[in-house]
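Asker: Sharing a structure with you now.
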Amino acid sequence: MTNQNPFRPMSDSETFTFSCHAEVPCFNECCRNIDVVLTPYDVLRLKKRLKMDSAAFLERYVIVEWEEGMRFPHCFLTMVDDGRASCVFVKEDGCSVYEDRPTVCRAYPAGRGTSRRVDGTVMEQFVLVREPHCKGFTFGAKQTVPSYLQSQGLTEYNRFNDQLLQLLQHPKVRAGFRPTRAQMQQFILALYNVDMFRRELLAGRVKLKQPLSPMESRSIVSGDEKPLLLLGVRWLLEEYFGEYWSGSEYRKTSYVA
Ligand code: SF4
Ligand code: SF4
């Protein structure tokens with residue numbers, strides 16, 4: 001083991017050599033002893049792949065961490081108690097949910113930090129994580145972090161993950177807002193339990209303060225999960241802060257079916 005800090009900031013144009021495939025000597029090593037943070041879009045992709053109701057997926061695969069004073073809850077993928085804390089989805093031949101693997105798994109060994117400006121645009125900061133167990137740096141071609149992230153299918157993930165910044169980096173959160181237990185439960189319902197959220201909307205137990213757009217109304221009836229996820233962001237903004245953050249691009253968001 002080395003004591004060197006494995007995190008290195010990277011500019012848009014800096015290159016690194018990397019490739020990960022089944023022949024690397026460390027294959028699957030990064031799927032053990034890790035915290036896999038789940039975004040709402042990660043859960044949406046995984047529960048759809050596994051053909052599960054979101055409540056059942058949460059129950060079986062997600063650990064929610066929250067305590068008073070935290071900004072928002074953190075959701076992690078369950079690990080198996082096999083002495084190596086292996087990911088519940090890792091098999092001998094690799095990740096069993098590869099096409100729908102979570103954001104952090106796609107990005108590794110790179111990372112993308114984001115912050116939202118007041119005009120609604122997103123500022124990115126990239127890092128590279130060089131951990132001793134990862135031998136992929138001795139293989140492959142040179143690439144930049146943005147091109148690597150794109151090659152890993154992160155464009156679609158980032159588009160949805162970035163929508164959360166309206167909430168997570170709302171000026172009132174920066175000024176000290178912290179959710180109550182009831183608001184934390186609303187957070188999990190709207191962002192991680194999309195099927196239950198839809199049922200609550202249909203039953204009229206969850207109500208939006210501002211009128212629904214035609215597309216939002218259709219998504220509730222049809223169960224189209226991507227617009228429902230964005231509707232969840234909007235509902236939380238209304239519930240927590242009573243209004244959109246000015247500069248919000250929520251209404252401009254378009255969807256890929
Ligand atoms: S989801 Fe797949 S890639 Fe991510 S830790 Fe689990 S097995 Fe590995
Ligand atoms: S440790 Fe690195 S090279 Fe090895 S499987 Fe994981 S990402 Fe690939």
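The values are calculated or read from the model by the stated rules, or taken from the named source; none is laboratory data. Keep in mind the model is a prediction, meaning the values are calculated, not measured. Neighbour counts run over all protein chains shown; Cβ positions are idealised from the backbone, glycine included.
Asker: Of the numbered conditions (1) of a type outside the set (D, E); (2) within 16 Å of ligand 2 (Cβ to nearest atom); (3) free of Cβ contacts under 8 Å to residues at least 60 places away in the same chain, H74 fails exactly one; give the number of that condition.
Answerer: Exception for H74: condition (2).
Per-residue answers, yes or no, for (1) among the polar types (S, T, N, Q); (2) on the phi > 0 side of the Ramachandran plot; (3) within 16 Å of ligand 1 (Cβ to nearest atom):
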| site | (1), (2), (3) |
| --- | --- |
| E124 | no, no, no |
| V127 | no, no, no |
| G136 | no, no, yes |
| F139 | no, no, no |
| V145 | no, no, no |
| Y148 | no, no, yes |
| Q152 | yes, no, yes |
| N158 | yes, no, no |
| D162 | no, no, no |
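Asker: Which of the residues belonging to the stretch 147-191 are of a type outside the set (K, R), surrounded by fewer than 18 Cβ atoms within 10 Å (Cβ to Cβ) and farther than 19 Å from Y41 by Cα?
Answerer: S147, P171, V173, A175, G176, F177, T180, A182, Q183
Asker: Further question: Among what's in the stretch 1-53 and is more than 16 Å from ligand 1 (Cβ to nearest atom) and of a type in the set (F, W, Y), pick the residue that is farthest from the chain's Cα centre (by Cα).
Answerer: F16
Asker: Then there is this: Give the residue, chosen from A175, A203, that is over 30 Å from E124 (Cα atoms) and not hydroxyl-bearing (S, T, Y).
Answerer: A203
Asker: Scan the stretch 135-155 for residues that are touching a Ser or Thr at 6+ places or on another chain (Cβ under 7 Å) and hydroxyl-bearing (S, T, Y) and report the count.
Answerer: 1
Asker: Separate question: Pairs please, first residue from the stretch 10-28 and under 18 Å from S151 (Cβ atoms) and in the same structural domain as V88 (by TED's automatic domain parsing), second anywhere and within 12 Å of ligand 2 (Cβ to nearest atom) and of a type in the set (K, R), Cβ atoms under 8 Å, 6+ apart in sequence or on different chains.
Answerer: Going by the 8 Å Cβ cut-off, the qualifying pairs are V24/K135.
Asker: Follow-up question, since we're still on this one. List every residue pair whose Cβ atoms lie under 7 Å apart, where the two residues are 6 or more positions apart in sequence or sit on different chains, the first residue falls within the stretch 226-237 and is assigned to a helix (DSSP H, G or I), and the second residue, located anywhere, is surrounded by 22 or more Cβ atoms within 10 Å (Cβ to Cβ) and hydroxyl-bearing (S, T, Y).
Answerer: Filtered contacts from the stretch 226-237: P227/S219; L228/S219; L229/Y41; L231/S219.
Asker: Might you check whether a residue that is at positive phi, surrounded by 12 or more Cβ atoms within 10 Å (Cβ to Cβ) and out of contact with any Asp or Glu (no Cβ under 7 Å at 6 or more places or on another chain) occurs anywhere in the stretch 41-52?
Answerer: Residues of the stretch 41-52 that are at positive phi, as a first pass: 51.
Narrowing the set further to residues that are surrounded by 12 or more Cβ atoms within 10 Å (Cβ to Cβ) leaves none.
No, that holds for no residue.
Asker: Could you go through the stretch 154-163 and let me know if any residue there is touching a residue at least 12 places away in the same chain (Cβ under 8 Å), assigned to a helix (DSSP H, G or I) and closer than 27 Å to C26 by Cα.
Answerer: yes
Asker: Looking only at the stretch 64-90, which residues are more than 14 Å from ligand 1 (Cβ to nearest atom) and either exposed (fewer than 12 other Cβ atoms within 10 Å of the Cβ) or aliphatic (A, V, I, L, M) (or both)?
Answerer: V64, E65, E67, E68, G69, M70, D81, G83
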